[in-house]
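Shown next, in structure tokens, is the structure this report addresses.
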Amino acid sequence: MNVAATFLAAAAVLGVLAALAGALPDYVLKPNLRAPAAGFGTALTGAAGVVAGIAAMTGDAYTADVPGLLPLSGVTISIDALSGPFLTAVGVAAVAAGVYAVGDARSRVAQAMTPLFVVAMLLVPAAGGVGTFLVCWELVAATSLVLVLVEHRRSPEVAVAGRWYAALSQLGFLTVLSGLLMLAGQAGDSFAALRDASPSPAARGVVFVLTLVGFAAAAGVAPLHIWLPRANTEAPSAAAALMSAAMVTLGGYGIVRVGLDLLGGGTRWWWLGVLALGVLSAVAGLLRAAASTDLKRLLARATIGGSGLVLVGIGAAGLFAAAGDRVLAGVALTAALLQVLGHAAYTALLFLATGSVVRATGTRDLETLGGLRRKMPVTTAAFGLGALAASALPPGTAFISVWLLVQALVHVPPGTGTTVGVAVPVALAAVALSVGLAVAALGRAFGIGFLARPRSAAAEQASESPPVVLAGLGLAGLASLVLALGPTLVLPALGEASALAVGGGDHTVSGIITVQLGGIAGTFSPLIVTIALAVALALAIGGARLLFRNRTRRAVSTWDGGAGPPPRRATTFAVPVYGDGGTEGRVWRPALAALNAWGRAGRLLATGSVHRYVGYGFYAVCGLLVVLAVTR
Amino acid sequence: MNVLGIIAGVVQPVLLLAGAPLLIGVLGSVRARLEGRIGAGVTAPYRELRKLFAKEQIDPGGTSEVFRLAPLLLLATTVVVAVVAPFVASRPAIGPAADLFAVVALLVLGAVALVLGGLDTGTAYGALGAGRRLTILALAEPTLLVAILALATRAGSTNLATIVTATLDEPLRVVSPGSLLAAAALVVAIIAETGRRPVDDPASLAEATMVHGAAELEYAGPDLAIVRLASGMRLAVMLGLLANLFVPWGIATSAAPVAVLVGVVALVVKILVLGVLVAVAEVFVARLRLVRVPELLAGSFVLALLAVSASFFLA
């Protein structure tokens, strides 16, 4: 009995049941029972996904072929070590979002669609054939589009977000479809057959570029990220958490699966392209996040940055593998996979904590929040933990994955060649910059939104969310903490998965308390650093208690240098980065205008004259005959 | 764990904590003399700390435990860095923690704690100072990181002890173009991070012109004493790191009493010399307008990037 396959099947069944429960009419299942049924059903689906993912990471491979289920291609399921981290990431986000949704989901459509969305996301990394992969991929896009549009009555912005999302996700699907079908047309449907096939280098390059466009759009990587801040701001909080935490990681999965696994590595320029996309999104996304005043938009932009870091890791892995350094490639890919897991945990936490705030105050504008730590202590603590985890500070979750990435980049032997010699310092600089910007963006969001004084009546009258919502936050927080303190629990398995993908040796990463890298000098212990910090803090607190034990703290009013009332604006804080236009104004608007102009130019050909249309037909046939006569 | 490491783990934090006020005092005295004043003497910071510690503790209205814990976290992060990084001895007390990435991140964590403490007061000056500090931090941290990574690339490890040992083994590496660029970038980043001129003016009396002073405005009594002590220690720690990354000679490589003593003396001399240089430079430069500070930091970031590139191509 294969554990991974069993639990994946269980997840699919549970998810469909939860979706049915969410869709049942009120006279069959009362609304107050429907939310728990759908929500906890989603959470159980996610839990089964986590078990399946962990089983897959520990080497529980599985392949099955069901020819009759889908016309033409059939359904092929294949779970391997590389599927594991992504199954786990989707599962972790789904558990937290599902429990959260019990307390914060009023819409029946959302309740019915969320479990299906989770099942679709779990099936993407488990797909073992082109047909299956494409069906699951489109299912993810379709269910998430419905989730984005759930609150369409609230504001016209939702429709705008839906249009952007639909256009970009379908554009991405189209390029992935054409790329994969090109590959499948030569070798066959199943991934195993594709691995054995050897297409020409030019064909492989075309396939890679086509699929990269689609996967980059799904990962929310600049300049294809334009849908992400809109869709994640307008979708219900649980759905936004799932999209930001789990769905974007599937873009990374696609690049690793197709580029490294199916196409077997490829040439340097592929991975330089991935690296460039990653560097661009990591810096631009976090730069924009540091200047955002809408809490959800800020997190969405931080997600773009996190996605960029994953792509930096994948790009570096591919680059090193193409240059023949399998050890470094393994370390870089391990960093990317750990970043995927951490991203799923802390992004879910941050989005759900924001959802809890929006639920209590009705606003997500940093200008009107503030002072929440008194009214909502648990939510404040959850957001604080998420911000710490996401900003690569010890003892945080992202800290260790960024450390691993830096290890891979620093250990490149000098004089490896001009391409690597230029790419690696730029990647290092981008990673360092993104770390600093993440600290600024998330520290600012936490300090302004949760500390200080309330800046509006809504923030002043906020009350803490119900226990089930807080339980959702707690589960995501727990996952973040486990990854922050015990990354060594998952790192060896991630190392094996990476070694499998890039063809390196085993034992890339080992150690229980201390992370030890195989092949290069690198040891580090997140646990010891955390303990040292905790001991030092305890000593400081104890020392202060002992020194001042006879004194009581006297409450006074703030001095503020004799200044007037506190500032009401959060933007006094914002770093002026670049105009409001951003990528949309600079890239997308001109591109759309050009397409429109092209369309209007087409009208000149069609004047309404029938003679002209007959003439077109005549000349087209003549032209075709001439071409055939010349070439045949 | 080794004998040298244990000695270092005890001696370094005690030395840096006790010596930090002296460093601030020396800086103040040198500056006063150069400006034609007599100054308050090198022991003035000790007297001030004693005065502040004797005062009562105050909770400004509307502040929470974030405000009260921030100074202690600032101190704790600095102490951890003082324990693990190579200052007196080349072998750290906790080997796997002496990573440059961890050390920089710990220093940033302390700064972020103080920023949040400033924001927690909900006052105009607190928000102003915190915002400015966070902006500077967002640019100074990458510079610190990339500049030290340039040295790490050369040594083939991000462990600070390994980097220092590598420089001890091959002294000529210090004069390579990559090292010099990294040193220049580090100096700028450290000056920005510790709030010295031309980025911030510790002697300024007008709160609105200040970065650090504004964020710490509501702290008083023992809380302020801890903030001052920890800030002084941060300066000492950063100058010590700068010194040992580029001029590690004198650092103890064995646990012999003489070697440790030489290590202590060498560290004190190095930090004091660097401190005097900082003070002298402060007399001759004016404070930059705040909008120009990001330009300065961007420049130093580019220097750090060039340093990494140089250590790749010119190795």
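Quick look at the values:
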| quantity | calculated |
| --- | --- |
| Residue that is farthest from the chain's Cα centre (by Cα) [pool: residues in region B:167-183 that are of a type in the set (G, A, S) and open to solvent by less than 20 Å² (accessible area, probe 1.4 Å)] | B:G178 |
| Residues of region B:35-64 classified as surrounded by 15 or more Cβ atoms within 10 Å (Cβ to Cβ) and either more than 12 Å from chain A (Cβ to nearest Cβ) or hydrophobic (A, V, I, L, M, F, W, C) (or both), total | 10 |
| In region B:151-206, residue nearest to B:A286 (Cα to Cα) [restricted to those that are in a loop (DSSP other than H, G, I, E, B), touching a residue at least 60 places away in the same chain (Cβ under 8 Å) and charged (D, E, K, R)] | B:R197 |
| Among the candidates B:A147, B:A161, residue that is within 13 Å of chain A (Cβ to nearest Cβ), at negative phi and in contact with a Lys or Arg (Cβ under 7 Å, 6 or more places away or on another chain) | B:A161 |
| Hits in region B:238-271 - residues which are within 15 Å of B:A147 (Cα to Cα) and of a type in the set (A, V, I, L, M, F, W, C) | B:M238, B:L239, B:L241, B:L242, B:A243, B:L245, B:F246 |
| Exclusive hit being among the hydrophobic types (A, V, I, L, M, F, W, C), in a loop (DSSP other than H, G, I, E, B) and modelled with pLDDT of 85 or more, set A:A408, A:A381, A:A392, A:A427 | A:A392 |
| Test: B:S311 is within 14 Å of another protein chain (Cβ to nearest Cβ), closer than 27 Å to B:M233 by Cβ and of a type in the set (S, T, N, Q) | no |
| A:L149 vs. criteria free of Cβ contacts under 8 Å to residues at least 24 places away in the same chain, under 20 Å from A:A35 (Cα atoms) and out of contact with any Lys or Arg (no Cβ under 8 Å at 6 or more places or on another chain) | yes |
| Neighbours by Cβ (under 8 Å, 6+ apart or cross-chain): first from region B:211-235, at positive phi and within 11 Å of chain A (Cβ to nearest Cβ); second open to solvent by less than 30 Å² (accessible area, probe 1.4 Å) and part of a helix (DSSP H, G or I) | B:G221/B:L52 |
| Flag for A:R374 being farther than 20 Å from A:T530 by Cβ and without any contact (Cβ under 8 Å) to a residue 60 or more places away in the chain | yes |
| Selection within region B:245-279 - exposed (fewer than 15 other Cβ atoms within 10 Å of the Cβ) and among the β-branched types (V, I, T) | B:V258, B:V265, B:V269, B:V273 |
| Condition met for A:F446 (open to solvent by 10 Å² or more (accessible area, probe 1.4 Å) and within 30 Å of B:L69 (Cβ to Cβ)) | yes |
| Selection count where residues are closer than 16 Å to A:A348 by Cβ, touching a residue at least 60 places away in the same chain (Cβ under 8 Å) and open to solvent by 10 Å² or more (accessible area, probe 1.4 Å), scope region A:382-424 | 4 |
| Selected residue (only one of B:V227, B:V211, B:V199 is open to solvent by less than 10 Å² (accessible area, probe 1.4 Å), at pLDDT 90 or above and β-branched (V, I, T)) | B:V227 |
| B:F67 within 9 Å of chain A (Cβ to nearest Cβ), farther than 20 Å from A:T530 by Cα and assigned to a helix (DSSP H, G or I) | yes |
| Residues that are among the aliphatic types (A, V, I, L, M) and in contact (Cβ under 8 Å) with a residue 40 or more places away in the chain, drawn from region B:11-49 | B:V11, B:L15, B:L16, B:L17, B:A20, B:L23, B:I24, B:V26, B:L27, B:V30, B:L34, B:L49 |
| Of the criteria (1) at the interface with another protein chain (Cβ under 7 Å from one of its Cβ atoms); (2) farther than 20 Å from A:W559 by Cα, which one B:A124 fails | (2) |
| Qualifying position, being within 10 Å of chain B (Cβ to nearest Cβ), at pLDDT 80 or above and closer than 27 Å to A:H343 by Cα, among A:L533, A:L547 | A:L533 |
| Criterion (more than 7 Å from chain B (Cβ to nearest Cβ) and over 22 Å from the mean Cα position of the chain (by Cα)) met by exactly one of A:G396, A:G417, A:G421 | A:G417 |
| Tabulated pairs, region B:275-291, first under 10 Å from B:V199 (Cα atoms), second in a helix (DSSP H, G or I) and of a type in the set (S, T, N, Q), C-beta under 6 angstrom, 6+ apart or interchain | none |
| First in region A:342-363 and at positive phi, second anywhere and open to solvent by 10 Å² or more (accessible area, probe 1.4 Å) and in a helix (DSSP H, G or I), Cβ under 7 Å, 6 or more apart | A:G362/A:A458 |
| Any hit, region B:121-130, residues being aliphatic (A, V, I, L, M) and modelled with pLDDT of 90 or more | no |
| Leading residue by the ranking (farthest from A:E367 (Cα to Cα)) among those in region A:425-439 that are at the interface with chain B (Cβ under 7 Å from one of its Cβ atoms) and open to solvent by less than 10 Å² (accessible area, probe 1.4 Å) | A:P425 |
| Selection from region A:40-70 of residues that are closer than 20 Å to A:A471 by Cβ and either open to solvent by less than 20 Å² (accessible area, probe 1.4 Å) or charged (D, E, K, R) (or both) | A:G41, A:T42, A:A43, A:T45, A:G46, A:A48, A:G49 |
| Index of the failed condition, B:L305 passing every other in (1) part of a helix (DSSP H, G or I); (2) open to solvent by less than 10 Å² (accessible area, probe 1.4 Å) | (2) |
| Tabulated pairs, region A:186-197, first assigned to a loop (DSSP other than H, G, I, E, B), second polar (S, T, N, Q), C-beta under 9 angstrom, 6+ apart or interchain | A:D189/A:S73; A:D189/A:T76; A:D189/A:T132; A:A197/A:Q186 |
| Which numbered condition A:V327 misses (of (1) among the β-branched types (V, I, T); (2) crowded, with 24+ Cβ neighbours inside 10 Å; (3) in contact (Cβ under 8 Å) with a residue 40 or more places away in the chain; (4) within 14 Å of chain B (Cβ to nearest Cβ)) | (2) |
| Residue list for region A:125-151, restricted to those being open to solvent by 10 Å² or more (accessible area, probe 1.4 Å) and not in a helix (DSSP H, G or I) | A:L149, A:V150, A:E151 |
| Qualifying residue in region B:50-63 (condition: in contact (Cβ under 8 Å) with a residue 12 or more places away in the chain and of a type in the set (G, A, S)) | yes |
| Qualifying residues in region B:96-108 (those that are assigned to a helix (DSSP H, G or I) and more than 7 Å from chain A (Cβ to nearest Cβ)) - the one modelled with the lowest pLDDT | B:L100 |
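The values are calculated or read from the model by the stated rules, or taken from the named source; none is laboratory data. Everything numeric in this text was worked out from a predicted model, so none of it was measured. With ideal geometry, Cβ positions are generated from the backbone for all residues, glycine too; neighbour counts draw on all protein chains shown. Accessible surface is based on the protein model in full, side chains and every heavy atom, while ligands, DNA and RNA are left aside. Shrake-Rupley method; radii C 1.70, N 1.55, O 1.52, S 1.80 Å.
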